[in-house]
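S.K.: First the structure, which I've put down as structure tokens, then a few questions once you've had a look.
The values are calculated or read from the model by the stated rules, or taken from the named source; none is laboratory data. This structure is a prediction, so every number in the text was calculated from the model and none was measured. Cβ placement follows ideal geometry from the backbone for every residue including glycine, while neighbour counts extend to all protein chains displayed. Surface areas here come from the heavy atoms of the whole protein model, side chains and all, with no ligands, DNA or RNA. Shrake-Rupley method; radii C 1.70, N 1.55, O 1.52, S 1.80 Å.
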There are 2 protein chains.
Amino acid sequence: MHMKTGVEQSVYAVLLLNMLPDKAVLPGEAISQQLKASPTYFQKLLRKLVSAGVIASVPGVKGGFKLNKRAEDITVYDIYLAIEGRQSLYSSSGILGDLLELEKEESCCLLTDLMEEAEVAWKSVMKRETISSLAEKMNEQRFLLKTEALQQWVQRKMVA
Amino acid sequence: MHMKTGVEQSVYAVLLLNMLPDKAVLPGEAISQQLKASPTYFQKLLRKLVSAGVIASVPGVKGGFKLNKRAEDITVYDIYLAIEGRQSLYSSSGILGDLLELEKEESCCLLTDLMEEAEVAWKSVMKRETISSLAEKMNEQRFLLKTEALQQWVQRKMVA
DNA sequence: ATAACGAGGATAAGGAATGTCCGCGTTTAA
DNA sequence: TTAAACGCGGACATTCCTTATCCTCGTTAT
């Protein structure tokens, strides 16, 4: 049981897109190069983010990706949800129904409610942090110089 | 990202062991039959529960498994931990270190603290429910007859 | 028209979870 | 003392999800 690495990659990708000036876009290949991710697979992750409405895409020459919301309105959970989907961490396999020989309709699980609650607690923490709050952390003193270098890279690679 | 089915199976296995009288044990094969789980693989799960100190095993003829703690002292989290291990749900792949070209020693991740906290919240819910509280739920009115039948099955299959 | 980009399907490759097999040590019972 | 029933534990095979690659298509700027 482990979170996909695509979630972490996506968060940093969105942080890169957050460095773009208005109207500018960043090609998918540039992003995947910077993240040292496999280009073709990473495009799939980007499209999941598009489907989820987190980022937007522009086709054609000089196309690419950009944010589709304000950075304050994108939570880590939004990105998690885009990549991992709605499937819950736990789902009963109906063992209790077998044990107690219940009819299928009244199949039941002693753990479902508890696990549901646990998952809500987990997700609620992820909803607290936003792209904008993460960007602030990246601008802390100790990272400042490196972050500025990254921003310059974005300036070079962006189009339009 | 999904919880192993072994966790659910193990919870119900421990609930079965909870129906044993003192000093009695239940053979692993009987348990796996009742849970409709693959016998050899399920033995591996039982051994994980033994290693974790949740249950105890008795070798030899008339051997089997029994609880190693009081039902009130076994939480769902204990069983989760025994099966899934200590590996956390999220672990950074060090992308930020690459992005900012940090030295390896100062490698850093904007998400680790948040995810850690989320996981703590998640686990804390699992720590609330115990085998004894689950057993109570199984004795609710609507399950009472079926649960009694299950207890009789345990009486038949147990040894010593 | 062509080249650069995203969209999306089909399909491998890898790795973790699950499942199987076999030999071992221990204990009970004949 | 032998044999059978059980747990122990390692070495596999299988299955499934994630990751990765490839190829074709539609769109847009030059």
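S.K.: I'm trying to understand the selection: among the residues of region B:34-76, which are open to solvent by 20 Å² or more (accessible area, probe 1.4 Å), in a loop (DSSP other than H, G, I, E, B) and within 13 Å of DNA strand C (Cβ to nearest atom)?
M.R.: Matches in region B:34-76: B:36, B:38, B:59, B:60, B:61, B:62.
S.K.: Follow-up question, since we're still on this one. Are any residues in region B:92-118 within 7 Å of chain A (Cβ to nearest Cβ) and crowded, with 17+ Cβ neighbours inside 10 Å, and if so, which ones?
M.R.: Of everything in region B:92-118, those that are within 7 Å of chain A (Cβ to nearest Cβ) and crowded, with 17+ Cβ neighbours inside 10 Å turn out to be B:95, B:96, B:99, B:100, B:110, B:111, B:114, B:118.
S.K.: Given the structure, is residue B:60 touching a residue at least 40 places away in the same chain (Cβ under 8 Å), more than 14 Å from chain A (Cβ to nearest Cβ) and of a type in the set (Gly, Ala, Ser)?
M.R.: Numbers: touching a residue at least 40 places away in the same chain (Cβ under 8 Å): no; more than 14 Å from chain A (Cβ to nearest Cβ): yes; of a type in the set (Gly, Ala, Ser): yes.
No; evaluated as a whole, the condition is false for this residue.
S.K.: Starting from region B:134-146, take each residue that is more than 21 Å from residue B:70 (Cα to Cα) and list its partners that are loosely packed, with under 11 Cβ neighbours inside 10 Å and at pLDDT below 95, counting only C-beta distances under 7 angstrom and pairs at least six apart or across chains.
M.R.: Hits for this filter: B:146/A:101.
S.K.: Among all residue pairs at least 6 apart or on different chains, which show Cβ distances below 8 Å where the first residue, located in region B:72-86, is away from chain A (no Cβ under 12 Å) and the second is among the hydroxyl-bearing types (Ser, Thr, Tyr) and within 12 Å of DNA strand C (Cβ to nearest atom)?
M.R.: Listed by first residue and then by second, the contacts come to B:82/B:10.
S.K.: In region B:31-40, which residues are near DNA strand D (Cβ under 10 Å from one of its atoms) and either at positive phi or free of Cβ contacts under 8 Å to residues at least 24 places away in the same chain (or both)?
M.R.: Of everything in region B:31-40, those that are near DNA strand D (Cβ under 10 Å from one of its atoms) and either at positive phi or free of Cβ contacts under 8 Å to residues at least 24 places away in the same chain (or both) turn out to be B:32, B:39, B:40.
S.K.: Which condition breaks for residue B:89 when tested against (1) open to solvent by less than 20 Å² (accessible area, probe 1.4 Å); (2) free of Cβ contacts under 8 Å to residues at least 40 places away in the same chain; (3) farther than 30 Å from residue A:152 by Cα?
M.R.: (2)
S.K.: Conditions: (1) open to solvent by 70 Å² or more (accessible area, probe 1.4 Å); (2) away from chain A (no Cβ under 11 Å); (3) not hydrophobic (A, V, I, L, M, F, W, C). Residue B:4 meets all but one. Number of the miss?
M.R.: Looking at each condition in turn, residue B:4 falls short on (2).
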